[in-house]
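Here is the structure we will look at, set down as structure tokens.
Just so it is clear, none of the values below were taken in a lab; they were calculated from the coordinates. This structure is a prediction, so every number in the text was calculated from the model and none was measured. Neighbour counts are summed over all protein chains in view; Cβ atoms, including those assigned to glycine, are modelled from backbone coordinates with ideal geometry.
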Amino acid sequence: MTGIRALETESVQAQKLARRVSLTQWTSWVLCLIALTSLAALVLVLIHESWPVWRVAGIDYLAGKQWLSSRHLFGAAPMIYGTMAVAIIALGCAAPIGIGAAICTSELLPRRARLTVKILVELLAGVPSVVYGLLGVLVLRGWVYDLLEPLDPLSGDTLLTGGLLVGVMILPTILTLSDDALRGVPASLRAAARGLGLNARETICRVVLPQAIPGIIAAILLALGRALGEMIAVFLVVGRQDNQWPERLWSVTPLISPGQTLASKLGGSEIHIAHGDPLHWAAMVGLGLLLLGMAGGAAAAAFLLQQKQLRHAQAS
Amino acid sequence: MRKLLDLTFRAAAVLCALLACLIFGWIVSAIVWRGFSVVNWRFLTEPMRLAGAEGGIFHNLIGTLILLSTALIVTTPLSVGTALVTAFYIQSERWRRLCLLCLYVLNGVPSLLFGLFGFIVFVSFFGWGKSWLTGGILLGFMILPTVSVALVERLRSLPPLRMEAAAGLGLSRSRIVWFVLLPQCLGGWVSGSFLGLARAAGETAPILFTATIFAGASIPSGIKENPVLTLPYHIFILAQDSFDQAIGGKVWGTALVLLMLAFCMSLVVLPVRLRIHEEADHV
């Protein structure tokens, strides 16, 4: 591409060709605009449809702890809490294992063993979320119930179950992207560190990881985005109990009781009931807008971090 | 002490990798073990009876394939256009980065929100009701970033020499696009598409309100009010009341079929994916 651009600046003939907008170029631009405006359309439609609830409830929509559609009370705080709880539990499980496994595949394993692990992980990434949901309902739910038996839980449907399930789902994302980040660190640095007499752990912890950390954070952010928006699997195991705002924000009890996330609320049948009532409908779509803000923000931050590291790598 | 620490560290890392592989092995074996006895030719070719307790999943399989092929048809021109603009036509680095940012954010949009968007725009506003076309379009837009980014990467990795040679022969820019760029990025298109389709095959959230129902649909005969049965939605509904033993077996069988469908599509692109990741460290 740089080649053709250089050519154009040199040759008058090519400059003439470049100035004429051909049918191919025109079509490409139109198709590209359709593709990218879909994102804008998504945002605008969600803002437009949820406008009434922002006008009526205002900040109470975010901070309110009660969601009673019959009394037109719409507070999304318990669902934001549930979403964050599931995502944090998921990251807490998946991030250490994923990064540890990435260190293993990129730094320790010989080529053949690494390929085997990577093939398995690529396939693991392809397991549909509904299959995770099925395993969650029929297997994981029982395990969590047995685990919590001494605490006398109501059922195995808890925020913890959802978090564990999502943790398994985002493991491949973290592993693959962390592995890429670690392997992006130049081999010469490793050789130099080993040459100075550092052992494998010291080389990895003091030399390789600090270099790869932006990429690893990007991996975690991308996984976070997926964890926030995951609906099907969470829907099946989270209990879908409304208005579960914890008395103390950092206590563990609400995590082992049923809860509701933004996505599981949106996936339920309430969306059909809400369609008749403008304010209720706006409140439901507003949850989607919140979700879009959180997940889209995570994706954008991850992209910017990756770009920064890419430029950093090119500069050095 | 130093040696001990080193050893512990290595052991912990290997253990993590082992755990990841074990989880994978457990998931696949759990599905295969429970679903294997159900899946046979009749299961794949018979329509569903008695709300999933009897019969097979013929229409569900067909429905999923209809959605996937529609998604592929929708996403191919859009992603090729997007990739050409992003990698080739845009001259300024800043605008190219903005385009890529949009693609990455679109990739990060939870699939559920595509469903919500489709419900608002296609189902209510256009009045299509539940339609296979809505589902196909939504899935197409959902996998668009995956396909576009794969194409962009392929296009940008092409050696400039090819285009210089083409330009030197006096080919116009359009001809370079049609006869040099597009044939060269066929591999990127295949890998991106199959990767996207493997993801789309198992997606339930976008089609939940827009394209699929549990029972009572066969091959669609029009656009409006023509939903299809799909594999993921079938599992999703049955998973919610899977206490019945007969249904239990069928739902595992359906999960096995869906898993194999997704794996086949992942396996097609595995060599390409691995090569990209393996090349990453020689940069």
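Under the combined filter of DSSP loop state and at most 14 neighbouring Cβ atoms within 10 Å, the stretch A:207-302 retains these chymotrypsin sites (Phe, Trp or Tyr not before Pro): A:250.
The stretch B:153-189 and the stretch B:1-50 have their alpha-carbon centroids 42 Å apart.
Distance between the 7 Å Cα→Cβ label points at residue B:175 and residue B:97: 3.7 nm. In degrees between 0 and 90, to the nearest 10, how far off the longest principal axis of chain B does helix B:2-35 point, with axes built from Cα atoms? Once rounded, the angle reads 50 degrees. With both labels modelled 7 Å from their Cα along Cα-to-Cβ, the residue A:113 to residue B:275 distance reads 2.7 nm. For chain B, the longest principal axis of the Cα atoms and the long axis of helix B:231-240 meet at an angle of about 50 degrees.
Does the stretch B:208-272 come out rounded, prolate or oblate by the C-alpha gyration tensor, with a ≥ b ≥ c the root eigenvalues, rounded set by a/c under 1.5 and, if not, prolate when a/b is larger than b/c and oblate if not?
Oblate shape, in that a/c is at least 1.5 and b/c is the bigger or equal ratio.
Ranking A:137, A:98, A:197 by how far each Cα lies toward the positive end of the dipole of the protein assembly as shown (charges on Cβ) leaves A:197 at the top.
In the elastic network of chain A, a GNM with C-alpha springs shorter than 10 Å, the most mobile of A:29, A:67, A:54 is A:29. Centroid-to-centroid, using Cα positions, the stretch A:221-261 and the stretch A:42-91 are 14 Å apart.
A simple rule links phi to the HN-Hα coupling: the Karplus curve 6.51 cos²θ - 1.76 cosθ + 1.60 with θ = phi - 60°, which for the stretch A:288-305 gives x, 5, 4, 4, 4, x, 5, 5, x, x, 4, 5, 5, 4, 4, 4, 5, 4 Hz, with x for Gly and Pro. Look at the alpha carbon pairs under 8 Å that are at least 6 residues apart: their mean separation over the length of the stretch A:121-186 gives a relative contact order of 45 percent. Each label point was placed 7 Å from the Cα along the Cα-to-Cβ direction; for residue A:308 and residue B:264 their separation is 4.5 nm.
Considering helices alone, the calculated mean residue ellipticity of chain A at 222 nm is -23000 deg cm²/dmol, with DSSP H runs of length four and up weighted by -39500 (n - 2.57) and normalised per residue. What you get for the protein assembly as shown, charging only the Cβ of Lys and Arg (+1) and of Asp and Glu (-1), is a dipole of about 1820 debye around the Cα centre.
Among A:133, A:297, A:286, the residue with the largest mean-square fluctuation in a Gaussian network model of chain A, with springs joining Cα atoms closer than 10 Å, is A:297. Based on alpha carbons, the Rg and Dmax found for the protein assembly as shown are 24.9, 82 Å. Among B:185, B:99, the ranking by other beta carbons within 10 Å of each residue's beta carbon, starting with the fewest, stands as B:99, B:185.
Farthest towards the positive end of the charge dipole of the stretch A:60-315, among the residues A:207, A:221, A:176, is the Cα of A:207, using unit charges on the Cβ of Lys, Arg, Asp and Glu. Nearest 0.05, what FRET efficiency do residue B:7 and residue A:191 give at R0 = 22 Å with Cβ-Cβ as r? Approximately 0.50, to the nearest 0.05.
Taking every C-alpha pair closer than 8 Å and separated by at least 6 residues, the mean separation divided by the residue count of chain A gives a relative contact order of 26 percent.
Taking amide H atoms as placed 1.01 Å from N in the peptide plane, the amide H of residue B:55 lies under 5 Å from those of B:49, each 5 or more residues away in sequence or on another chain.
Working note: Karplus 6.51/-1.76/1.60 with θ = phi - 60° gives the stretch A:162-176 the couplings x, x, 4, 5, 5, x, 5, 5, 8, 4, x, 4, 5, 4, 4 Hz, where Gly and Pro are set to x.
In the elastic network of chain B, a GNM with C-alpha springs shorter than 10 Å, the most mobile of B:18, B:101, B:84 is B:18. From the square roots a ≥ b ≥ c of the eigenvalues of the alpha-carbon gyration tensor of chain B, which class results: rounded (a/c under 1.5), prolate (a/b over b/c), or oblate? Oblate, since a/c reaches 1.5 and b/c is not below a/b. Short-range pairs are left out: with C-alpha atoms under 8 Å and at least six residues apart, the relative contact order of chain B is 27 percent. Summing charges over all other residues whose Cβ lies under 14 Å from the Cβ of residue A:145, with Lys and Arg as +1 and Asp and Glu as -1, gives -3. The residue B:184 and residue A:71 beta-carbon pair, evaluated with R₀ = 45 Å, returns a calculated FRET efficiency of approximately 0.15. Taking amide H as placed 1.01 Å from N in the peptide plane, residue A:73 has its amide H under 5 Å from the amide H of A:68, each at least 5 places away in sequence or on another chain.
Let me know the shape class of the stretch A:143-259, please: from the alpha-carbon gyration tensor, a ≥ b ≥ c as square roots of the eigenvalues, rounded when a/c is under 1.5, otherwise prolate if a/b is greater than b/c, or oblate.
Prolate.
The Rg/Rh ratio of the stretch A:60-315, with Rg taken over Cα atoms and Rh as the Kirkwood radius over Cα pairs, comes to 1.05. With θ taken as phi - 60° and the Karplus curve 6.51 cos²θ - 1.76 cosθ + 1.60 applied, the whole-hertz 3J(HN,Hα) list for the stretch A:244-249 is 9, 7, x, 5, 10, 5 Hz, x standing for glycine and proline. Please enumerate, by chain and number, the lysines with C-alpha under 23 Å from the C-alpha of residue A:65, excluding those fewer than 8 residues away in the same chain. Straight-line reach from residue A:65, under 23 Å: A:265.
Which angle between 0 and 90 degrees, to the nearest 10, do you get for helix B:132-156 versus the longest principal axis of chain B when only C-alpha atoms count? Taking the Cα atoms of chain B, the angle to B:132-156 is about 30 degrees.
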